[in-house]
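Rule-based calculations on the coordinates, nothing more; no lab input. This structure is a prediction, so every number in the text was calculated from the model and none was measured. Cβ placement follows ideal geometry from the backbone for every residue including glycine, while neighbour counts extend to all protein chains displayed.
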Amino acid sequence: MEIIRTVKELRDRLQAEHAEGRKIGLVPTMGALHAGHISLVDRARGENDVVVVSVFVNPTQFNNPTDLATYPRTEEADVEKLEAAGADIAFIPSVDEIYPEPDTREFDLGPVAEVMEGAMRPGHFNGVAQIVSKLFRYVEPTNAYFGEKDFQQIAVIRKMAEIEGFDTLNIVDCPIKRESDGLAMSSRNVRLTPEQREMAPVIHRTLDESNVWANDHTVEQTKKFVIDTINSFPFMNVEYYEIVDAKTLLPISDWADAEQAVGCVTVYCGDVRLIDNIKYTRRP
Ligand code: PAF
């Protein structure tokens, strides 16, 4: 596996691959890699000739300086994992390489970027759009892989791709990878204390239970069930729980309002912010 740190080197390296019409898979990450990321690399490996994984903690998507400062950085371990997973190129640039000057672009991402994470973390999705559009431009991938844990992020990236005219690029959503007790894999999980880690699977368990509950309850009742249940456990504090239309990301008030309803939750477990979601499969 090659480690590339500059945009020029990356572009030069990929030129020949493009010229020969080889399929390039891109897996954008912020490092601190876990089995969830590796499942994206595996998928990319199976569907492309060349696999590029970017490892870059993107400052413009953090609206909380402490979150940026404490975000885990584990480059050596990341490189080992990518090598073992069969990635061809690890693109690991510095902040100055990506932002030699401030990126002042404001993307008009519309409603998908305004609700939930968009409302709680102003500027976050604009920052995601900035970095992902840059990566798409540098790599010009055939396929780009994103995990469904960040369900809203995928919708935002699709919107950015539409605005920027990345028409031929295929955005591939990949299922959430979970620990054996159901906790969605996340780079932030390492920050949980042992007691919090023991409690955290209640998030997924409650979402699963709400899928059964939803058969006989309204959207409002189902939301209340999820919020009250999770909040009843130690360390857990729900920031928001919304049930939205999978396409528009807008909250629904009746199950009939969406072909596919998705519940998206953000929970503080102590001071660690965890997110998860569920696709409702109500019986007809
Ligand atoms: O999901 C992430 O890890 C980041 O938001 C992404 C897509 C790599 C952009 O920095």
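One table, with the values for the structure above:
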{"item": "Surface/4 estimate of mean projected area, convex hull on alpha-carbon atoms of the range 206-280, nm²", "result": "4.5"}
{"item": "Total lysine pairs under 16 Å (Cα atoms) in the chain, excluding pairs fewer than 8 apart on one chain", "result": "9"}
{"item": "Exposure proxy order (Cβ contacts within 10 Å, fewest to most) of Val212, Val55", "result": "Val212, Val55"}
{"item": "Trypsin sites (Lys or Arg not before Pro) restricted to DSSP loop in the range 197-284 with at most 15 other C-beta within 10 Å", "result": "Lys247, Arg282"}
{"item": "In Hz, Karplus ³J(HN,Hα) per residue of the range 129-135 (6.51, -1.76, 1.60; θ = phi - 60°; x = Gly, Pro)", "result": "4, 4, 5, 5, 5, 5, 4"}
{"item": "Between helix 219-231 and the chain: long-axis angle, C-alpha atoms, 0 to 90°, nearest 10", "result": "80"}
{"item": "Fraction of antiparallel bridges per DSSP, the chain only, in percent to nearest 5", "result": "50"}
{"item": "The range 130-168-the range 210-255 distance, computed between alpha-carbon centres (Å)", "result": "28"}
{"item": "Nearest 10 degrees, 0 to 90: helix 7-19 Cα axis against the chain principal axis", "result": "80"}
{"item": "Degrees separating the helix 151-164 axis from the principal Cα axis of the chain, which is the longest one", "result": "40"}
{"item": "The range 55-109 versus the range 11-29: alpha-carbon centroid distance in Å", "result": "19"}
{"item": "Translational diffusion coefficient (Stokes-Einstein; Kirkwood radius from C-alpha pairs) of the range 151-284 at 37 °C, 0.692 mPa s, in µm²/s", "result": "207"}
{"item": "Taking Arg22, Arg13 and counting other C-beta atoms within 10 Å, the order from fewest to most", "result": "Arg22, Arg13"}
